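Here's the structure, in structure tokens; my notes come after.
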Amino acid sequence: MESRIYLPDVLYIGYQKTGTTFLRSYFKERNDILLTRGGQALQKNTTLSLEEKNKQYLETMNRNILSKPDNYNFHIDMYEGLLGYFFKNGIDKWTPEIMLNSMPLFNGDVEFNPNVFFKSLKNFFPKKIKLLVTIRNQIDFLDSNYRHMRGYFDAQYNFLKFISSKEGKIIAAAAQYDRIVTSLFSEFGKDNVFILPLEFLIQNQTDTLRSICNFLNIDMVNVDKTLNKNIGAKYNDEKQKIGIRKNSWNDGKTCDIYPPNNEEKILLKALYAGSNSILFDLIGKDLSCYGYYT
């Protein structure tokens with residue numbers, strides 16, 4: 001056990017809203033896998049030095065493993081928001097007042113430098129480690145994040161206001177997947193990185209889980225889990241009503257959803273066309289039929 005305390009075999013780093021809840025539940029159902037979420041130690045307290053972050057991460061791993069005495073032979077550490085949270089430079093606590101108020105759409109106040117992030121991340125893992133990254137076509141990805149955040153704001157809070165906020169711009173920047181993949185391949189090696197489009201999981205859950213297990217070099221195990229039936233649903237462009245569950249920022253009331261309209265979709269397609277072309281070359285797969293526009 002001592003040799004496993006600080007070093008997971010795999011780091012699962014998101015993205016959020018790309019099937020991470022399903023995969024987390026799949027890994028947790030398996031008795032042979034230890035699933036921890038020590039990545040939160042890397043995400044929080046951005047003002048800490050690298051040495052302080054490293055110490056905090058190791059302490060988190062230690063607590064997680066000592067509290068999980070069950071037998072296991074594989075360790076996955078995950079935090080699905082890690083990629084996005086890295087770009088919230090200097091912010092130790094997420095608040096809607098800081099992150100979701102609208103601002104000029106392209107005013108350049110979002111830092112996006114995955115090379116710096118992954119170089120520092122690699123310092124945590126002196127042994128070879130594998131990385132699992134899930135992605136989703138950018139329009140559905142941004143729309144899903146908007147819906148997730150919708151309950152924070154007033155009746156007229158639409159998609160454009162969301163992507164004009166700091167949170168929205170961070171998520172939009174992180175959806176330039178080619179920059180993430182290029183940096184990951186450079187730092188960790190292409191053979192140690194598995195890029196999984198959510199659309200593959202929607203299309204064929206069993207075969208996709210098998211491909212993940214093959215990459216991780218673990219046995220395929222079927223569990224009684226299925227994707228949320230609505231996760232791959234295509235939304236129309238009309239205003240919709242949704243129920244927001246009661247939580248710390250609202251009273252659980254129903255609110256309007258304003259999905260991206262055709263003009264906004266055209267803007268997003270143009271924004272990501274070059275990035276997606278490079279992504280296809282990097283991973284050797286053309287994803288245009290899944291909504292990754294070029």
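Going through segment 115-136 one residue at a time, which ones are part of a helix (DSSP H, G or I) and either modelled with pLDDT under 75 or out of contact with any Phe, Trp or Tyr (no Cβ under 8 Å at 6 or more places or on another chain) (or both)?
115, 116, 117, 119, 120, 121
Would you pick out the residues in segment 276-294 that are more than 21 Å from residue 191 (Cα to Cα), in a helix (DSSP H, G or I) and under 20 Å from the mean Cα position of the chain (by Cα)?
Within segment 276-294, 290 is the sole residue that qualifies.
For segment 52-70, check the following and say yes or no: at least one residue is assigned to a loop (DSSP other than H, G, I, E, B) and modelled with pLDDT of 65 or more.
Taking every residue of segment 52-70 in turn, none turns out to be assigned to a loop (DSSP other than H, G, I, E, B) and modelled with pLDDT of 65 or more.
The values are calculated or read from the model by the stated rules, or taken from the named source; none is laboratory data. Worth saying up front: this structure is predicted, and the values here are computed from it rather than measured. As a convention, Cβ positions derive from the backbone with ideal geometry for all residues, glycine included, and neighbour counts pool all protein chains shown.
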